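All of the numbers you see were taken from the coordinates with simple rules; none came from a lab. Everything quoted here is computed from the prediction, not taken from an experiment. Cβ placement follows ideal geometry from the backbone for every residue including glycine, while neighbour counts extend to all protein chains displayed.
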Amino acid sequence: MKELLDSSLFDDIMFNCKDGKVGGNRLLLSIYSNFLESLFENNPLITCHPLNDADDNGVNLPEINAEDMRKLLQVIRDMHASRLTSKSLTGVEKLANILQIKLVMKQIKVGLFEVEAVP
């Protein structure tokens, strides 16, 4: 199952970040965020696929780095604790707050954290 989640095959939403686009899966994101579930439910036309997307399709996050979005999606897709450096964690935590995704963080050593998304 992890291989399917890591694949872009089922990505049906695009996040337009300040420095690039990142694809995600609406079903998986909705499990972890009531905010995103409501956004997708109330705006069904924002769906798109990375192989067939226009510049204006998707969710615009102009203040967010694409790498932070990729890392947050990886935390969600892993379905267990992922390891992030404190530098990476700052942007991921900010984004999780914006998207109302709850993260549980545990410092495992100086500068390194285990991070898990909670449905």
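Things worth noting here:
- Ranked 104, 115, criterion: other C-beta atoms within 10 Å, fewest first: 104, 115
- Counting other Cβ atoms within 10 Å as a rough exposure proxy, the listed residues 79, 69 run 79, 69 from fewest neighbours to most.
- Cα-projected label distance for residue 34 with residue 19, points at 7 Å along beta-carbon direction, nm: 3.4
- Each label point was placed 7 Å from the Cα along the Cα-to-Cβ direction; for residue 43 and residue 86 their separation is 3.5 nm.
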